[in-house]
Amino acid sequence: MSNDVQVRSGAQAIVRSLIDHKVDTVFGIPGVQLDPLFDAFYGESNRLRVVHTRHEQGAAFMAAGYAQASGRDGVFAVVPGPGLLNAGAALSTAVACNAPVLGITGQVPSKQIRSGMGFAHELRDQLKSSEAIVDWVGRAQHPREVGAMLADAFAHMHAPRRRCAVFEMAPDQLSAQAPIVDYAPREVLPFAIDAAQVERAAAVLAKAQRPLIMIGGGAMDAGEQVMALARRLNAPVIMSNNTIGAVPASQP
């Protein structure tokens, strides 16, 4: 947590947190519940690019594809209710592909959440709808909560398996201003390596007559190591759908 306190709106706090977490691109569609957020995006347009898509599903698919192709976090912003539900198909695909994707969505006004009054884009329980797809969801009730909550979201997305998260905030809180304390990105500890298991695996492989390597999504960033092992064993490599491209198809 930084000692530097700045007066920001909830939307500006979101954008600042995205920049602090090295997000450089957001895919999305503006809408009335997100007006303060898109104003904040415009205010940082020299550091954050916003790609306007024609459909919410496209925004989330583009965020997932961007995460897979670039190795960076994918972020999309859509209006609540039907906007978030439209993005659900792409979000569930991102979950299956272990793509680090953050979905940002709005809400109805704070005092009307779960009132059942039929406001535009109102869901009976949007957080629970999101929980049916991802395992981290959060709603910032005040601008001061944004920094810590998004730090939690990004840590979850890399802790250490890559996962997705959904963050929501009501429009009145997106526009509300308050003294904000910034939160630095949190350190994510890698998996602990079990040296004994590695030794046992090496002993089995040393005796194998026809070894075969099968890799899943966790090996997406380990192509060089996989190829080194394949050459050492003279073993073919089979890739799952989530790992296609980790090892070049031109390799014998």
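Skipping prolines and chain starts, which residues have an amide H placed within reach, meaning under 5 Å, of the one on I180, given they are 5 or more residues away or on another chain?
Residues meeting the amide H criterion: Q6, V7, R8.
What is the extension gain from A89 to V181, computed as 0.36 nm multiplied by their sequence separation minus the C-alpha to C-alpha distance, in nm to one decimal? It would help to have the intermediate numbers written out before the result.
Details: separation 92, 0.36 × 92 = 33.12 nm, distance 3.49 nm.
Full-extension gain reported as 29.6 nm.
Translational diffusion coefficient of the range 97-141 at 25 °C, 0.890 mPa s, Stokes-Einstein with Kirkwood Rh over Cα pairs, in µm²/s as a whole number.
Details: Rh = 11.9 Å.
For these conditions, the coefficient is 206 µm²/s.
Can you list the residues, at least 5 places off or on another chain, whose amide H is less than 5 Å from the amide H of V50, using H built in the peptide plane?
Excluding prolines and chain starts, which carry no amide H, the hits are V26.
Express as a percent, rounded to the nearest 5, the fraction of DSSP beta bridges in the chain (both residues included) that run antiparallel. Can you show the working numbers first?
On the way: 6 of 27 bridges.
Once the DSSP bridges in the chain are tallied, antiparallel ones form about 20 percent.
At a Förster radius of 30 Å, what calculated FRET efficiency corresponds to the Cβ-Cβ distance of R124 and A96, to the nearest 0.05?
Details: r = 26 Å, r/R0 = 0.87.
With R0 = 30 Å, the Cβ-Cβ based efficiency is 0.70.
Take peptides 101-109, 141-149 and line them up by average Cβ neighbours within 10 Å, highest first, as a rough protection proxy. Write out the running numbers ahead of the final one.
On the way: 101-109: 25.6, 141-149: 19.8.
Packing order, densest peptide first, comes out as 101-109, 141-149.
Taking a spot 7 Å from the Cα of Q112 along the direction of its beta carbon, which residues of the range 139-180 have an amide N less than 17 Å from it?
169-176
I'd like the carbon and sulfur percentage of the solvent accessible area for the range 135-190, probe radius 1.4 Å, heavy atoms only, ligands and nucleic acids excluded.
Numbers: 1230 of 2460 Å².
Answer for the range 135-190 is 50 percent, counting heavy atoms of protein chains only.
Could you give the length gained on full extension between Q141 and Q209, defined as 0.36 nm per residue of separation minus the Cα-Cα distance, in nm? Mind showing how you got there, number by number?
Values: separation 68, 0.36 × 68 = 24.48 nm, distance 6.04 nm.
Roughly 18.4 nm would be gained on extension.
Using all alpha carbons of the range 110-252, what is the percent of pairwise distances in each 10 Å bin, ordered from the shortest bin to the longest?
Binned Cα distances yield the sequence 9, 25, 23, 17, 14, 9, 2.
For R72 paired with F191, estimate the spin-label separation in nm (one decimal), with each label point 7 Å from Cα along the Cα-to-Cβ line.
Roughly 2.7 nm, to one decimal.
Using the beta-carbon distance between R200 and I19 and R0 = 45 Å, what value does 1/(1 + (r/R0)^6) give for FRET efficiency, to the nearest 0.05? Spell out each step's value before the answer.
Values: r = 45 Å, r/R0 = 1.00.
Efficiency at R0 = 45 Å is approximately 0.50.
Can you work out the Karplus-derived ³J(HN,Hα) for every residue in the range 140-150? Use 6.51 cos²θ - 1.76 cosθ + 1.60 with θ = phi - 60°, whole Hz, and x for glycine or proline.
With the stated coefficients, the range 140-150 comes to 7, 8, 7, x, 5, 7, 4, x, 5, 5, 6 Hz.
Check the straight Cα-Cα distances from K111 and name the lysines below 29 Å, setting aside those fewer than 8 residues away within the same chain.
Cα-Cα hits under 29 Å: K128.
Can you give the accessible area per residue of the chain, in Å², using a 1.4 Å probe? All intermediate terms of the calculation are to be shown ahead of the outcome.
On the way: 13640 Å² over 252 residues.
Result: 54 Å² per residue.
Convert each backbone phi in the range 234-248 into a coupling constant with the Karplus relation 6.51 cos²θ - 1.76 cosθ + 1.60 (shift: θ = phi - 60°), then list the ³J(HN,Hα) values in order as whole Hz, x for Gly and Pro.
With the stated coefficients, the range 234-248 comes to 6, 10, x, 10, 10, 10, 6, 4, 7, 10, 4, x, 5, 10, x Hz.
Run the numbers for D4 and H55: contour at 0.36 nm per residue of separation, minus the present Cα-Cα distance, in nm. Walk me through the numbers before you get to the answer.
On the way: separation 51, 0.36 × 51 = 18.36 nm, distance 3.81 nm.
Length difference between fully extended and current span is 14.5 nm.
Loop only by DSSP, 16 or fewer other Cβ within 10 Å of the Cβ. Give me the trypsin sites (Lys or Arg not before Pro) in the range 1-93 that pass, ordered by residue number. Let's see the in-between values first.
Details: sites: R8, R16, K22, R47, R49, R54, R72; in loops: K22, R47, R54, R72.
Filter output for the range 1-93: K22, R47, R54, R72.
When the accessible area of the range 1-63 is computed with all protein chains present and a 1.4 Å probe, what percentage of it is carbon and sulfur?
Numbers: 1610 of 3290 Å².
In the range 1-63, the share of accessible area belonging to carbon and sulfur is 49 percent.
For Rg and Dmax of the Cα atoms in Å, the listed values are (i) 39.8, 149; (ii) 21.1, 69; (iii) 17.8, 57; which was obtained by calculation from the structure presented?
So the structure-derived entry is (ii).
The values are calculated or read from the model by the stated rules, or taken from the named source; none is laboratory data. In this text, all values refer to a predicted model and were calculated from it rather than measured experimentally. No Cβ is skipped: glycine too gets one built from the backbone with ideal geometry, and neighbour counts run over all protein chains shown. To get the accessible areas, we keep the full protein, side chains included, count just its heavy atoms, and leave off ligands, DNA and RNA. Shrake-Rupley method; radii C 1.70, N 1.55, O 1.52, S 1.80 Å.
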